[in-house]
Amino acid sequence: MSRALPGSRTSLALAAGAALLAPLVAASPAAAGEEPGEYSVSALQFTVEAGGRTCVVDADLYRPAGVDAARPAPAVLTTNGFGGSKADGSTDATAKAFAARGYVALAYSGLGFGKSGCLVSLDDPRIDGRAASRLIDFLAGTRAADDGTVADYVTRDGAGDPRVGMIGGSYGGAVQMATAAVDQRVDALVPLITWHDLNHSLDPNNAVGTTVPGAFKWQWTNGFFLIGEGQPLINPGLDPSRLGSPACLHFVAQACETQRLLVSGRYPADGTEAMRRFASSVSPVSYLPQVKAPTLLVQGQADSLFTLNEAQDTYETLKAQGTRTKMIWQSWGHSGGLTDPASGELNLGEGNLETSYVGRRILAWFDRYLHKNASADTGPDFAYYRDWQAGYGEAGAVPSLSRKMYLSGDGSLVGSRAEVASGSRTYTNWLVPTSHSESSLSGLLGIPDPEPYDTPGTYLGWRSEPLTAPLDVVGAPGARLKVVSPGTERVQDSGDAADRLVLFAKLYDVAPDGTKTLVNRLVAPVRVPDVTEPFTVELPGIVHRYETGHRLEFVIAASDTAYYGNRGVKRVTVVSAPQDTGVLELPVVRGSVS
């Protein structure tokens with residue numbers, strides 16, 4: 001590792017675990033404008049078979065007053081983010097909000113967390129999804145809790161088929177899709193700030209169309225690992241079903257093998273393929289074809305863990321296969337803390353469900369698909385928070401790449417090939433990181449985070465002229481690049497992908513006074529598939545207005561403190577000529593010009 005995570009194993013696990021719990025709450029739209037009702041809460045346990053183990057799932061049942069077999073109500077199933085439990089603020093508050101608005105709510109601690117047994121299996125549909133399906137059996141009235149409790153008061157669409165939706169954030173988001181993939185009885189999903197493919201989440205390669213592994217996102221990944229492995233230390237006296245082997249205390253074995261491979265800094269072909277298969281198997285990318293439940297995706301713009309790109313990949317897959325889906329890009333995500341959304345945004349602390357845009361959209365989604373209110377307006381296919389207007393823009397789709405800018409040999413970013421000056425520029429990486437985007441857990445641990453920086457000689461930048469009008473970028477910018485690196489060319493086919501060139505692409509907003517802003521501190525790690533060929537980069541999605549008088553600066557840097565980087569020193573040259581140069585493409589909202 002380039003540096004150790006700060007703090008003790010236990011304190012980091014506690015702090016990061018709390019931070020990864022999404023602060024969300026939702027309620028039945030049928031109760032909009034009404035006073036919340038009363039409900040009772042009962043602690044229940046369910047014995048399940050999961051991953052070859054028998055263990056107990058710990059849950060709380062929230063039953064609204066007046067709901068019985070003669071007057072049934074739809075149900076909502078919710079669970080925690082990574083490291084949390086049924087009792088954490090977001091899970092408990094969500095269940096209470098639904099119950100107060102007339103839904104039967106069942107909140108449970110995910111496998112391996114809280115007082116639930118079994119190993120942490122990363123929302124594997126064959127394990128976590130099947131366990132959640134057993135809870136749906138309870139809501140269907142076809143199985144009892146361990147104490148004999150039976151739920152015969154949930155609305156049914158048929159024998160053994162309860163009317164049930166799911167909501168949750170992060171780890172509690174992916175499990176919804178894992179459950180819907182193995183249980184077609186789920187009627188509606190609202191996954192917030194979650195992943196599409198853990199290969200990209202933990203080891204991203206933003207080079208398009210390649211299977212070459214990426215750059216290890218060591219801060220986020222090791223934080224997760226400490227949370228999971230620290231469970232026996234944080235919660236002494238755990239159920240034996242939660243204990244693995246001395247080499248892998250609390251995760252399924254393949255998760256520990258993946259973490260060890262990433263930490264090693266090596267990518268041998270056999271180990272890399274095993275890692276890819278496992279990460280895909282516990283990710284929506286592998287099982288979305290089985291997800292048929294209407295899905296409202298909510299992703300955060302301030303999120304370097306699960307970027308907007310991941311939600312867009314899930315959205316496009318579901319849309320293409322005919323699953324009803326819509327997508328919202330809200331302001332907050334995992335980065336910078338989760339407890340301070342922008343003014344007017346959905347905020348658990350404020351309880352502003354009916355008065356926040358995202359809250360109203362969630363209410364309408366469940367009104368439509370759980371109450372079967374055909375007149376409920378579920379809103380546009382795509383919506384995005386605009387901080388320059390403190391409100392949402394709406395569209396039928398994410399804007400496509402529509403504006404090209406060219407990398408000139410003199411370091412300028414120009415609007416046409418004719419303006420490109422011929423020339424070449426070079427940088428060299430050091431053996432330690434020389435660029436900084438973020439300290440991934442800093443805001444969550446209360447540690448000051450330096451402003452983003454790049455060390456001269458270890459990066460290249462191309463800067464535009466000042467804009468003559470605002471430029472609104474909504475979506476993922478792209479870049480087409482070609483680099484020259486003879487040292488890399490000699491070793492890139494060694495059989496270990498770690499010998500390939502790594503670089504980090506990013507887009508700054510430069511104010512008239514020279515102040516630079518890296519939007520949401522996001523970067524695009526790239527392990528170049530072949531330095532003898534051009535390659536395309538997809539940058540992280542953003543929603544950002546470049547104001548009049550500001551400049552865009554496109555940068556490729558040799559390293560980043562939040563990621564593993566190059567093995568050895570590699571000299572990199574970029575050559576530009578009018579008919580042969582790098583291209584930056586931007587998804588610009590129509591009507592936005594420079």
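No lab work stands behind these numbers, since they all come straight from the coordinates. Keep in mind the model is a prediction, meaning the values are calculated, not measured. Cβ coordinates were reconstructed from backbone atoms using ideal geometry, including for glycine residues, and neighbour counts include every protein chain displayed.
May I ask for the angle, rounded to the nearest 10°, between helix 357-369 and the longest principal axis of the chain, with both axes built from Cα atoms and the value confined to 0 to 90°?
50 degrees
If you build the Cα gyration tensor of the range 512-594 and take the root of 5 times each eigenvalue, what three semi-axes come out, in whole angstrom, biggest first?
26, 18, 13
Treating only the Cβ of Lys, Arg, Asp and Glu as charged (+1, +1, -1, -1), what charge dipole size does the range 403-586 show about its Cα centre? Round to the nearest 20 debye.
240 debye
Pull out the extension gain between residue 126 and residue 579, defined as 0.36 nm times the separation in residues minus the alpha carbon to alpha carbon distance; nm, one decimal.
Length gained between residue 126 and residue 579: 157.9 nm.
On a 0 to 90° scale, report how tilted helix 253-264 is relative to the longest principal axis of the chain, with both axes built from alpha carbons and the result rounded to the nearest 10.
That works out to roughly 20 degrees.
Which length gain, in nm to one decimal place, applies between residue 280 and residue 530 when the Cα-Cα distance is subtracted from 0.36 nm times their residue separation? Walk me through the intermediate numbers first.
Working: separation 250, 0.36 × 250 = 90.00 nm, distance 2.40 nm.
This chain segment gains 87.6 nm when fully extended.
Is the range 205-359 best put as rounded, prolate or oblate by its Cα gyration tensor, with a ≥ b ≥ c the root eigenvalues, rounded for a/c under 1.5, and otherwise prolate when a/b is larger than b/c, oblate when not?
Oblate shape, in that a/c is at least 1.5 and b/c is the bigger or equal ratio.
In whole percent, what relative contact order does the range 403-586 give with Cα contacts below 8 Å and a gap of six or more residues?
Once normalised by length, the contact order is 38 percent.
Go through 167-175, 186-194 and give me the packing order, highest mean Cβ count within 10 Å leading.
Peptide ranking by packing, descending: 167-175, 186-194.
Would you mind putting 523-532, 112-121 in packing order, based on average other-beta-carbon counts within 10 Å, highest first?
112-121, 523-532
Looking at the range 348-397, which chymotrypsin sites (Phe, Trp or Tyr not before Pro) are in a loop (DSSP not H, G, I, E or B) and have at most 13 other Cβ atoms within 10 Å?
Listed in order of number, the matching sites are 388.
So for the chain: antiparallel DSSP bridges make up what percent, rounded to the nearest 5?
Here the share of antiparallel DSSP bridges comes out near 70 percent.
Kindly state, to the nearest 0.05, the FRET efficiency for residue 146 paired with residue 395, given R0 = 60 Å and r defined as their beta-carbon distance. Walk me through the intermediate numbers first.
Details: r = 48 Å, r/R0 = 0.81.
Taking R0 as 60 Å, the efficiency between residue 146 and residue 395 is 0.80.
So, in Å, what gap is there between the alpha-carbon centers of the range 252-266 and the range 53-95?
33 Å
Using only Cα atoms, tell me the angle between helix 218-229 and the longest principal axis of the chain; keep it within 0 to 90° and round to the nearest 10.
Helix 218-229 and the main axis of the chain meet at about 30 degrees.
If amide H atoms are built 1.01 Å from N in the plane of the peptide, which residues on other chains or at least 5 residues away come under 5 Å of the amide H of residue 208?
536, 537, 538
Quick one: net charge of residue 185's neighbours, Cβ under 11 Å, K/R +1, D/E -1? Could you put the intermediate results ahead of the total?
Values: positive: 156, 163, 292; negative: 137, 157, 161, 183, 187.
Local charge sum for residue 185: -2.
Arranged from highest to lowest average of other beta-carbon atoms within 10 Å per residue, in what order do the peptides 371-379, 282-290 appear?
282-290, 371-379
Rounded to a whole number, what is D in µm²/s for the range 403-586 from Stokes-Einstein with the Kirkwood radius over alpha-carbon pairs (37 °C, 0.692 mPa s)?
The calculation lands on 194 µm²/s.
With the dipole of the chain worked out from charges on the C-beta (+1 for Lys and Arg, -1 for Asp and Glu) around the Cα centre, which of 291, 193, 54 lies farthest toward the positive end?
The Cα lying farthest towards the positive end belongs to 291.
Could you tally up the Lys pairs in the chain with alpha carbons closer than 18 Å? Skip any pair fewer than 8 positions apart unless they're on separate chains.
12
Taking Rh as the Kirkwood radius, which is the inverse of the mean 1/r over Cα pairs, what is the Rg/Rh value for the chain? Don't jump to the answer; show the numbers that get you there.
Values: Rg = 24.4 Å, Rh = 24.7 Å.
Using only Cα positions, Rg/Rh for the chain is 0.98.
Amide H neighbours of residue 392 under 5 Å, counting only residues 5+ apart in sequence or on other chains, H built in-plane at 1.01 Å?
Here 386 satisfy the definition.
Show me, for the range 40-48, the HN-Hα J-couplings you get by feeding each phi into the Karplus relation (A = 6.51, B = -1.76, C = 1.60, θ = phi - 60°), rounded to Hz, glycine and proline as x.
Whole-Hz 3J(HN,Hα) from phi for the range 40-48: 10, 10, 10, 7, 10, 10, 10, 7, 10.
Just want to confirm a number: the relative contact order over the chain, from Cα pairs under 8 angstrom separated by 6+ residues, in percent.
Over the chain, the number comes to 15 percent.
Give me the net charge of residue 457's neighbourhood, meaning all other residues with Cβ under 15 Å from the Cβ of residue 457; Lys, Arg count +1, Asp, Glu -1.
Around residue 457, the charge tally is +2.
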